[in-house]
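Visitor: Got a structure here, written out as C-alpha cells. Questions coming.
The values are calculated or read from the model by the stated rules, or taken from the named source; none is laboratory data. Predicted model, so just to flag it, every value in this text is computed and none were measured. For neighbour counting, all protein chains shown are included, and Cβ atoms are generated from backbone atoms with ideal geometry for every residue, glycine included.
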C-alpha cells in the first residue's frame with residue numbers, strides 16, 4: 001500500500017510541476033498554477049523581488065471576486081473565520097490582497113501556503129446564491145455542536161515535508177480507544193479540492209498517530225458529488241461523507 005501511495009504522490013508532484021507556467025509582467029512574475037478557482041479558471045499568483053526576498057500575492061483577486069459575487073464578509077464571525085484561516089497558513093490580508101513574504105530558502109513553502117489559503121478562502125466563502133445566510137463550514141460546525149461532538153477548530157499541523165496543513169476540525173482520541181479524527185469540510189467537491197486534501201493528509205499522516213483517521217465531509221446540497229472525487233479520496237484512505245448522509249458517521253465521531 002505504501003508504495004502505491006508514494007507512486008500517486010509522485011504523480012501529483014509531477015502534475016504540479018508540469019502544469020505550472022511563468023510569465024513576466026513588468027517587474028512581477030505571474031505564476032499560473034494548475035489549481036482551479038470557482039470559475040474553473042487557473043489560479044494565478046504574482047511574485048516580486050524586494051529587499052533580498054520575495055513578495056507573493058494574489059493581487060486582491062480572491063476576496064474581491066467573492067465580494068463582487070455578493071458574498072459579504074462583514075459580520076464579525078465571518079471576519080474572524082477569515083482571519084483564523086489565513087493565520088493558519090501564515091498569510092496576510094493587505095487591503096483584500098492575500099500575500100506572504102518569502103526568502104530563497106522557503107519560497108516553495110510560502111508559495112504552497114498562499115495557494116492553500118486561496119483555495120481554502122475560495123471554498124469556504126463560496127455561496128451558491130448571494131442570499132444564502134450560512135456557510136457550509138458553519139453548517140458542519142453547528143451539526144457537530146448539536147450532537148455534542150468535541151472538536152478543535154482550524155487545527156494546523158506541520159507535515160513530514162515541513163509544509164503546513166490546516167484542517168477544519170480535529171476530534172481527539174477518546175478513552176474508549178476511538179482514534180484521532182481529522183476532518184475537512186469541502187464546500188465545492190472537485191478533483192482539485194480532493195487532491196489538495198489528499199496531499200495534506202498524506203504528508204500529515206506521517207507525523208500523526210498511526211491510527212489517525214481522515215474524513216472529508218462533502219457538500220451535496222446543490223449537486224451530487226462526482227464519483228471520481230469519492231474514488232480519489234478513498235484511494236488515500238480518506239473517508240468521504242456526503243452531507244446528506246452525515247448521520248451515518250454521527251456515532252463514529254461522537255464516540
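Visitor: All but one of (1) closer than 21 Å to residue 167 by Cβ; (2) in contact with a helix residue (DSSP H, G or I) (Cβ under 6 Å, 6 or more places away or on another chain); (3) surrounded by 18 or more Cβ atoms within 10 Å (Cβ to Cβ) hold for residue 37, so report the exception by its number.
Guide: (1)
Visitor: Let me ask something additional. Of everything in the range 98-137, what is at pLDDT 75 or above, under 30 Å from residue 224 (Cβ atoms) and touching a helix residue (DSSP H, G or I) at 6+ places or on another chain (Cβ under 8 Å)? Give them in sequence order.
Guide: As a first pass, look at the range 98-137 and keep what is at pLDDT 75 or above: 98-123, 135-137.
The next check asks that each one be under 30 Å from residue 224 (Cβ atoms); those that pass are 115-123, 135-137.
Within the range 98-137, 116, 117, 118, 119, 120, 121, 122, 123, 135, 136, 137 meet the criteria.
Visitor: Still on this model: Working carefully through the options 45, 13, find the one that is over 21 Å from residue 135 (Cβ atoms) and surrounded by 14 or more Cβ atoms within 10 Å (Cβ to Cβ). Even if it seems obvious, please write down each step before you answer.
Guide: Values: 13 fails: surrounded by 14 or more Cβ atoms within 10 Å (Cβ to Cβ).
Sole residue among the options that is over 21 Å from residue 135 (Cβ atoms) and surrounded by 14 or more Cβ atoms within 10 Å (Cβ to Cβ): 45.
Visitor: Okay, next question. Restricting the search to the range 93-111, which residues are assigned to a helix (DSSP H, G or I) and over 14 Å from residue 31 (Cα atoms)? Steps first, answer last, please.
Guide: First pass over the range 93-111, keeping only residues assigned to a helix (DSSP H, G or I): 107-111.
The answer is 109, and nothing else.
Visitor: List pairs: first in the range 94-115 and on the phi > 0 side of the Ramachandran plot and assigned by TED's automatic domain parsing to the domain that holds residue 46, second modelled with pLDDT of 90 or more and not in a strand (DSSP E or B), Cβ under 6 Å, 6+ apart or cross-chain?
Guide: From residues that are on the phi > 0 side of the Ramachandran plot and assigned by TED's automatic domain parsing to the domain that holds residue 46, the pairs are 96/60; 96/63; 96/64.
Visitor: In the range 242-250, is there at least one residue being in contact with a helix residue (DSSP H, G or I) (Cβ under 8 Å, 6 or more places away or on another chain) and closer than 18 Å to residue 120 by Cα?
Guide: No: the range 242-250 contains no residue that is in contact with a helix residue (DSSP H, G or I) (Cβ under 8 Å, 6 or more places away or on another chain) and closer than 18 Å to residue 120 by Cα.
Visitor: Suppose the filter is in a loop (DSSP other than H, G, I, E, B) and at pLDDT 90 or above; does residue 59 pass it? Before you say what the answer is, go through the steps one by one.
Guide: Numbers: in a loop (DSSP other than H, G, I, E, B): yes; at pLDDT 90 or above: yes.
For residue 59, the condition - in a loop (DSSP other than H, G, I, E, B) and at pLDDT 90 or above - is met.
Visitor: Could I ask something else about it? Counting only residues that are part of a strand (DSSP E or B), over 26 Å from the mean Cα position of the chain (by Cα) and under 19 Å from residue 106 (Cβ atoms), which one in the range 22-52 is modelled with the lowest pLDDT?
Guide: 50
Visitor: A follow-up question, please. Looking at 87, 51, which is the one that is farther than 19 Å from residue 186 by Cβ, surrounded by 15 or more Cβ atoms within 10 Å (Cβ to Cβ) and out of contact with any helix residue (DSSP H, G or I) (no Cβ under 9 Å at 6 or more places or on another chain)? Don't jump to the end; show me each part of the working.
Guide: Details: 51 fails: surrounded by 15 or more Cβ atoms within 10 Å (Cβ to Cβ).
Testing whether each residue is farther than 19 Å from residue 186 by Cβ, surrounded by 15 or more Cβ atoms within 10 Å (Cβ to Cβ) and out of contact with any helix residue (DSSP H, G or I) (no Cβ under 9 Å at 6 or more places or on another chain) leaves just 87.
Visitor: Let me ask something else about it. Could you tell me which numbered condition residue 218 fails, if it satisfies all but one of (1) at pLDDT 90 or above; (2) in contact with a helix residue (DSSP H, G or I) (Cβ under 8 Å, 6 or more places away or on another chain); (3) surrounded by fewer than 22 Cβ atoms within 10 Å (Cβ to Cβ); (4) closer than 21 Å to residue 121 by Cβ?
Guide: All conditions pass for residue 218, except number (3).
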